[in-house]
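The values are calculated or read from the model by the stated rules, or taken from the named source; none is laboratory data. Just so you know, these numbers come straight off a predicted model, no measurement behind them. Quick reminder, even Gly has a Cβ in these numbers, built from the backbone with ideal geometry, and neighbours come from all protein chains shown.
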Amino acid sequence: MDLQTEIAISRIQEKDAFAFWTMIEKNKEHIQTYFPKTLNQLYDLASTEEFVRSKIEEYETRKGVYFSLKKGGMMIGMVHVKNIDWIIPKGEIAYFIDKDHQGYGIISYAVSWLVNYCFTEMKLEKIYARVSPGNLGSKKTLIKNGFRQEGLLRKDYRDGKGNLTDTEYYGKVKES
C-alpha cells in the first residue's frame with residue numbers, strides 16, 4: 001500500500017461530523033480505554049457535530065488542530081495536536097485508527113506527517129504524547145517516529161473503566 005497516495009490527511013471540517021460519528025460508533029470498544037473523555041462527549045450525531053465545531057474553534061484560537069485520515073473517501077482515523085503551550089512552544093499529540101485498518105503502518109505514517117506539520121508549519125519546539133503502559137502499538141509508533149520515553153507519571157489518568165492508571169510520557173524535540 002502506498003500510504004502517501006492512499007491516505008488523505010486533512011483538517012477536520014463540519015461536513016466530517018457524520019463520518020466521524022460513524023467511525024466512533026464502530027470503534028467504541030476499541031478506543032474506550034484510551035479516549036474515554038472523547039467518547040463521553042459523543043453520544044449522538046448532534047453532540048458529534050458540536051464536538052467537531054469545538055475542534056475547528058480550537059484551530060482558530062490556536063489551541064489545537066485535528067486531522068482526519070481517509071482512505072477511499074472513508075474516515076478511518078484521526079491524528080491531532082492539543083494542549084498547545086505557545087510559551088515553550090510545545091503540544092501533545094494523540095491518534096487513533098479504525099480497528100479494521102490497524103497493522104498497515106497508517107498510524108505510523110500519519111504520526112510522521114503530524115510531527116513534520118508540528119515542527120515546520122506550527123513551529124513547535126517539542127511534541128509529546130502520553131501513553132498507557134499497556135498500549136504497546138502506540139509506544140511502538142512513537143519510538144519508530146523518533147520519540148523517547150521521558151518518564152512515568154504515576155496514577156495520572158482515568159481509563160474508560162474509571163481505573164486510575166499510570167501514564168508513560170514520550171517526547172520529541174525539534175532538531176536544530
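Of the residues in the range 47-58, not one is touching a residue at least 60 places away in the same chain (Cβ under 8 Å) and closer than 20 Å to A129 by Cβ.
Determine which member of the set P133, P89, P36 is touching a residue at least 40 places away in the same chain (Cβ under 8 Å), more than 19 Å from A17 (Cβ to Cβ) and not hydroxyl-bearing (S, T, Y).
P36
Residues that are β-branched (V, I, T) and surrounded by 14 or more Cβ atoms within 10 Å (Cβ to Cβ) within the range 135-176 comprise T141, T165, T167, V173, listed in sequence order. Exactly one residue out of E49, E57 is among the acidic types (D, E), at pLDDT 95 or above and over 18 Å from I93 (Cα atoms): that is E49.
Given K139, K70, K123, which one is of a type outside the set (A, V, I, L, M) and in a loop (DSSP other than H, G, I, E, B)? Talk me through it step by step, then tell me what you get.
On the way: K139 fails: in a loop (DSSP other than H, G, I, E, B); K70 fails: in a loop (DSSP other than H, G, I, E, B).
Matching residue, one of K139, K70, K123: K123.
Confirm whether F51 is farther than 24 Å from Y104 by Cβ, under 16 Å from the mean Cα position of the chain (by Cα) and assigned to a helix (DSSP H, G or I). Walk me through how you get there before you give the answer.
Values: farther than 24 Å from Y104 by Cβ: yes; under 16 Å from the mean Cα position of the chain (by Cα): yes; assigned to a helix (DSSP H, G or I): yes.
Here the answer is yes, as F51 does meet what is asked.
Considering only residues that are small (G, A, S) and farther than 25 Å from G103 by Cα, which ones fall in the range 1-54? Can you show your working first?
Here is the first cut: in the range 1-54, the residues small (G, A, S) are 8, 10, 17, 19, 46-47, 54.
Residues satisfying the conditions are A17, A46, S47, S54.
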